[in-house]
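Here's the structure, in structure tokens; my notes come after.
What follows draws every value from the coordinates through simple rules; no lab data is involved. Bear in mind the structure is a predicted one, so any value in this text is a computation, not a measurement. Counting neighbours? That spans all protein chains shown, and the Cβs are built from the backbone with ideal geometry, glycine included.
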2 protein chains.
Amino acid sequence: MTGKRMTSFECPVPISQYPRVLLAHGGGGQFTHQLIERMFVPTFDNEALSERHDGARLEVEGARLAFTTDSYVVRPLFFPGGDIGTLAVNGTVNDLAMCGARPLYLSVGLILEEGLAMDTLWQVVASMRRAADEAGVRLVTGDTKVVDRGKGDGLYLNTAGIGVIEHDRVIAPTRVRPGDVVLLSGDIGRHGMAVMAAREGLGFESTIESDCTPLAAPVRALLDEGLEVHCLRDLTRGGLASALVEIARTSKLHTHVDEARIPVRADVRGGVRDPRSGSAVRRQRRAVRRLRRAG
Amino acid sequence: MTGKRMTSFECPVPISQYPRVLLAHGGGGQFTHQLIERMFVPTFDNEALSERHDGARLEVEGARLAFTTDSYVVRPLFFPGGDIGTLAVNGTVNDLAMCGARPLYLSVGLILEEGLAMDTLWQVVASMRRAADEAGVRLVTGDTKVVDRGKGDGLYLNTAGIGVIEHDRVIAPTRVRPGDVVLLSGDIGRHGMAVMAAREGLGFESTIESDCTPLAAPVRALLDEGLEVHCLRDLTRGGLASALVEIARTSKLHTHVDEARIPVRADVRGGVRDPRSGSAVRRQRRAVRRLRRAG
């Protein structure tokens, strides 16, 4: 049942090129893509994975399910508009919604660092419950591990989620067709900038809040309208650029983007182009590096 | 749908008593129990969680599912008889089997530390595939995060799993009845001792190998025999003692254990009672502390 057996036992990522894991391997861009394409997809080799979607579509005894997972390592744990708990619930809820599924159940894996304030843990746990209520999902199973002081960073979370697909449409990158239009449901960059500002103490004049929110209801409304939706994506780590590149790759099509029409709030744009710290380009590059741990 | 709303916003674990997370909170014993009972179960408050089982039993469109998760933080990553990858597949497969389910699909969440050798990652990933093949499950969705050097410990894994329950029996701690008999499927303590020996370089004369293996097939054979099974447990972190205490608590019954009839291999027993390091009792206590990261 698990496709063909492994035949190669040699590391598929050329060791001479990248002998060690870099931060960029978790950034959601080119390096992450390489790990996925060269190591994970060929090794685990199955249909669900090869769709390169935000989650797997599965069928179990006639029920059509979506299944997804994400780990959350955001710093700081609390930021304007949310915290790691909100993010861990909404991130996984949204990955299910992007598969066209109604999110139902989440699991929670906590990796705590010895010495974490008990009250911090409580705030995150309470926040997960509130986010789950808002998204209409239940946290039904979990696990807690504690690692030695200095071997973690306070608190890492993993959530996995199960959703049910209640329609016949397949919503996946492989379904994108020539002529399809890219729609954005809101302005971009706000979550990343909120986290970065909180981390670096940039102190923007207006406080930028994360737009972290559950998207299952708007997706459902979209589908209920009968619109012919081919693919959905929640713009997380890699942002709009990575998502478009990935979808273009999977669908083997080009994407035309008119940058001027991408909505970015003035204060978010200002954060990227802060004149206090050199040229806009240098600043932007640094911002991108810092954003890698915003998801 | 998520039970009653949260009413309290105060940390349910008395801060004055445990203001910070201790290693023991992840050990699978009394402290873990306190976190689960005082914080997680009342906060997330739902039926599946309140069964206090190795996984949640759920129904989705007529399909009866089991859903579970575990994070894996074992050190060293490789030990006689297995590695963190084998453990992450079999641990979650076995939690599903303990719910009486046939394991089908796993998700994988990787938290890598910057600087991890790419070849180490590859060995773990290849090992997961082999373990998945052996257990008859597919790794269908995943996520990779990389944390700064010094904020992890090489590699942490999370797996969540979905299984299908193909019979009408409910197998859970709440089903245990007076007169039930406790059966052990093999000798205990071997995995923990193998990991501890590898970590501490104890150098036992005989190499003790972990007994980490998928248990879905033997569980299925047990059920196919028509035996009236009430509860199943995979003895992980907390070992036999914790499992019996937990089940006794949940079922509100006493358990009678004849220690002499618990099978422990001579070399495993010898490892716990190593005469080089003081009294058997002190040594045993230390062993228990070390075992906390064996699961």
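List of remarks:
- The phi torsions of the range B:247-261, fed into the Karplus equation with coefficients 6.51, -1.76 and 1.60 and a -60° offset, translate into couplings of 5, 4, 4, 5, 8, 6, 10, 8, 10, 9, 10, 9, 3, 5, 9 Hz, rounded to whole numbers, with Gly and Pro shown as x.
- Translational diffusion of the range A:119-179 was estimated from the Stokes-Einstein equation, with Rh taken as the Kirkwood radius over Cα pairs; at 25 °C and 0.890 mPa s the coefficient is 158 µm²/s.
- Annotation: amide H of A:ARG102 within the under-5 Å range of A:VAL164, A:ILE165, A:GLU166, sequence separation 5 or more or interchain, hydrogens built in the peptide plane.
- This model, with +1 at the C-beta of Lys and Arg and -1 at the C-beta of Asp and Glu, gives the range B:46-291 a dipole about its Cα centre of some 960 debye.
- For the protein assembly as shown, the C-alpha radius of gyration divided by 2.2 N^0.38 Å, with N the number of residues, is 0.96.
- Per-residue mean of foreign Cβ neighbours for B:33-42 is 3 (Cβ atoms of other chains, 10 Å radius).
- B:GLU228 paired with A:LEU253, simple spin-label distance in nm, labels 7 Å along Cα-to-beta-carbon: 6.1
- Each other copy holds its own label point for B:TYR18; taking that point as 7 Å from Cα along Cα to Cβ, the gaps run 3.9 nm, nearest first.
- Non-local lysine pairs in the protein assembly as shown, meaning eight or more places apart or on different chains, with alpha-carbon distances under 18 Å, amount to 4.
- Taking N as the residue count of the range A:46-291, its C-alpha radius of gyration divided by 2.2 N^0.38 Å amounts to 1.06.
- Other-copy label distances relative to B:SER50, 7 angstrom Cα-Cβ extension, nm: 4.6
- Counting Lys and Arg as +1 and Asp and Glu as -1 over every other residue whose Cβ lies under 13 Å from the Cβ of B:ARG38, the net charge comes to -3.
- Only the Cβ atoms of Lys and Arg (+1) and of Asp and Glu (-1) were treated as charged; on that basis the dipole of the protein assembly as shown about its Cα centre amounts to roughly 1700 debye.
- The H on the amide N of B:THR144, modeled in the peptide plane, is under 5 Å from the matching H of B:LEU110, each at least 5 residues off or on a different chain.
- If the Kirkwood radius is taken over C-alpha pairs of the range B:165-225, then at 20 °C and 1.002 mPa s the Stokes-Einstein diffusion coefficient equals 144 µm²/s.
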